[in-house]
Every structure is written in C-alpha cells, then in structure tokens.
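For reference, the structure discussed in these notes is given below.
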Amino acid sequence: MAGINIKSLTKHFGAVQVLNDIDLTIERGEFVVFLGGSGCGKSTLLRMIAGLETITSGEIWIGGKRVDQLPPGERGVSMVFQSYALYPHMTVRDNMSFGLKNIKTPKHEIARRIEEAAKILEMPHLLDRKPSALSGGQRQRVAIGRAIVREPDVFLFDEPLSNLDAGLRTRTRVELAQLHERLGATMVFVTHDQVEAMTLADRIVLLNNKKIEQVATPVEIYTRPATRYVAQFVGSPGMNFINIAGLDEAGGLATATLPDGSVIKTAVALNGLSNSGLTLGIRPEHLVVTTAEKGDIGGQVETIERLGDRSLVHVRLKDGSKIIGTDPGMTTITTGSPIAFAVEATKVSIFDEKDAAHHSVN
C-alpha cells in the first residue's frame, strides 16, 4: 500500500495538449475517483500513473519513489481494464496465475495468493471454469482477482464497470466498495458515471478542459461545487442556473433580483461580488413546491417526470427561462398549471463572471 504524488504533470499528443500542469496527492489507502466527461484526460492520467503512456513533463511518485521513468512492471501497480482481457482457453485459476508464472513466482506462493484472492472475491467455486462459462460480472471479478494476486501497492481501474448491465453494475459497485474495505489498499478509479464516483470515492478528482476543476469528498463536490462546471456535471439533473439582474444587501448577505422580478434571499456574503455577470445556482431538490403566497419563484409547468419517490417538475419562468424543481412522491400537479417554489437561503449558490462559486457562509 502506497500513496501517489503527481507534480506539474503535462501531456501532449503531438501539438494537442491533453493535460496541463496537474498537481495531485493521493493518500495511502485512499479510494480516489477520476471523474469527467469524454476527452477530459482522466484515462490518460491513469495510464501515465500505470506507465502505459509517457509523460511530456512533470513527475510521478509512488510510495516515496519516483516512477515516471520506470517500466510498468516496476511501479508496484496493477490495472483492471474496461475489457476483461481474459485468456479464453485458460481456466480462472490459470488466468490469475499467468502473470505470476511469467515472473517466476514459486508455485506454493502462486497457490496461496490465488486462494486468498478467491476468498476475498467469493469465487473459489469458479477457479476451474473457463471464461465462456462465466457471467459478465464474474469475468470482471476474475480480472480484479488477477490484479489482487500481484499484491500491488496501488490498484488502478479504468472504467471497469462500463460493459456491465445496470443491475450488475450496481452489485459490482458494492463489491468494489467492500473489497476496498477488506484490503485497505490505495485505489484509483476512472469513470464518467457520477453515481459510481459519488458512491465509491473517498475523494473525487473532477477533470475538465486539461485541468483539475475540484478535488473534494463526494459530499463537498455536491453541496459546495467549486465552479459552475462542477455544479452542472454532478447531480441528476444538474443544478439550475438563473441569471441575476441585480444584487442587494441584507445583513451583509446577498439578495438576488431575477429577470422575472423574483427576489431570492441567499446566505452568500455580498462582499467580493460584482453586480454583473452573476448567476444564481439552485439544485432541483432545493426548489420545493409551495403555495403562491409562500413562493419565492414561480412559473408554468411544462413537463413532469414521475420517478416514484419524487417527481421532477419542469417549469418555464415569466422571463422565458426554465428551471427544474421537485415534489415528493407521485405528484398530482398537472402540465400547464401555475406553480410556486420555496427557496432555502442556505442552499443557494452564486457564480461570478469567471464561473467560480460563492456559497453560504452558514
């Protein structure tokens, strides 16, 4: 088990820059998820840690040792890929032992490691089967087992669940979380799926446009996003953004006037905010249906998504902009009807002209 330190890391593919000046520390035993959209550089960053991509400049340290000039086999890492990459003619046992045999690990040591990995992954009964006799989830477990038997300092996962169906992804996600608890190992996991990131990570590294947008716990990423991009990317649906026509002050806190004339009280400090280029950010669950008398903002219902435990209500405001709010359970609200939402001041964020977030001081 080892930590990872990345210093001023940059990557170019020819004239195209993929990552720019990345600095990141991953602690020993931490489960860190690289999250971001397609092309943000998350898989490239993982592959550079593994030694499968060269770096353009910068340094990578694992366990206090600089490794960016070392071949993959000498870095103390083990990688699980999106594709299982199992040998179809070999049994599970042979697939798991193949890499160890290549480095001339003693037979008794190979047997011990396979037995231990099989117990951890609850698959001793699968050891003599071939991949064709396994389900997709079982094949992915074999790929993880092949990584475990190497006893690496760091586990690297490159979108390992993306080939599984929805139900199997959920079960395998739980198994991965349990595996981390049992091993206490350092794990780095790449995904574009925010649910995987939010449920697995000790910390999320959210990448965008060649750089890191934010590094934080899942709760902080969700409740106090650093930028508008983070607020929009994390959450389903993402945060509502409404232009601010003007700001006033009430007890040192900002009160926002919207283009439709609505006035929203916030718990965001007015100090440091300009009076132009600002956007109000409110998550859908913080727009709660109420009566017209108690409402802070309102409009006309355009669409309703009934999800069982809650309903998403799509609303057009008086100025023509759209927002999404929530109503508990299977709402009785109808399309085309007027609606009002209450807004809790401490749940509101303000984004400045540079898209940086300003949150509640409470």
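Read-outs throughout are calculated quantities, based only on the coordinates presented, and are distinct from any laboratory measurement. As the structure is a computational prediction, the values presented were derived from the model and not from experiment.
For segment 40-49, what does the Karplus curve 6.51 cos²θ - 1.76 cosθ + 1.60, with θ = phi - 60°, yield as ³J(HN,Hα) per residue in whole Hz, taken in order and with x for Gly and Pro? Per residue, the Karplus-derived 3J(HN,Hα) values read 7, x, 5, 5, 4, 4, 4, 5, 5, 4 Hz.
Amide H contacts under 5 Å for residue 19: 11, restricted to partners 5 or more places along the chain or on a different chain, H placed in the peptide plane at 1.01 Å from N. Per-residue Karplus couplings for segment 197-213, computed as 6.51 cos²θ - 1.76 cosθ + 1.60 with θ equal to phi - 60°, are listed in order as 5, 5, 8, 9, 7, 6, 9, 10, 10, 9, 9, 7, 6, 6, 9, 8, 7 Hz, Gly and Pro entered as x.
Set against the labelled values [x] 59; [y] 49; [z] 53, percent of Cα pairs over 26 Å apart computed from this structure falls on [x]. Calculate how many DSSP beta bridges within segment 4-233 are antiparallel, expressed in % of all such bridges and rounded to the nearest 5. Taking every DSSP beta bridge with both residues in segment 4-233, the antiparallel ones total about 50 percent. Sequence-ordered 3J(HN,Hα) estimates for segment 251-261 from the Karplus curve with 6.51, -1.76 and 1.60 and θ = phi - 60° stand at x, x, 9, 7, 10, 9, 9, 9, x, 8, x Hz, glycine and proline given as x. Among 124, 259, 106, which one shows the highest mean-square fluctuation when the chain is modelled as a Gaussian network with alpha-carbon springs under 10 Å? So, out of 124, 259, 106, the one fluctuating most is 106. Cross-link pairs exceeding 20 Å between alpha carbons, from the set 265/294; 294/347; 7/354: 7/354. For segment 240-358, the relative contact order works out to 29 percent when only alpha carbon pairs closer than 8 Å and six or more residues apart are counted. Return the whole-Å distance between the Cα centroid of segment 290-362 and the Cα centroid of segment 49-108. Centre-to-centre distance over Cα atoms comes out at 49 Å.
The relative contact order of the chain, computed from alpha carbon pairs under 8 Å that lie at least 6 residues apart in sequence, is 15 percent.
Computed over segment 150-263, the P(r) curve from all C-alpha pair distances, binned at 5 Å from the origin, holds 2, 9, 16, 17, 16, 13, 9, 5, 5, 6, 2, 1, 0 percent per bin.
Assuming a strict under-27 Å limit between Cα atoms, what lysine pair count do you get for segment 79-228 once near-sequence pairs (fewer than 8 apart, same chain) are dropped?
Details: 101/119; 101/130; 104/119; 104/130; 107/119; 107/130; 119/130.
Qualifying lysine pairs in segment 79-228: 7.
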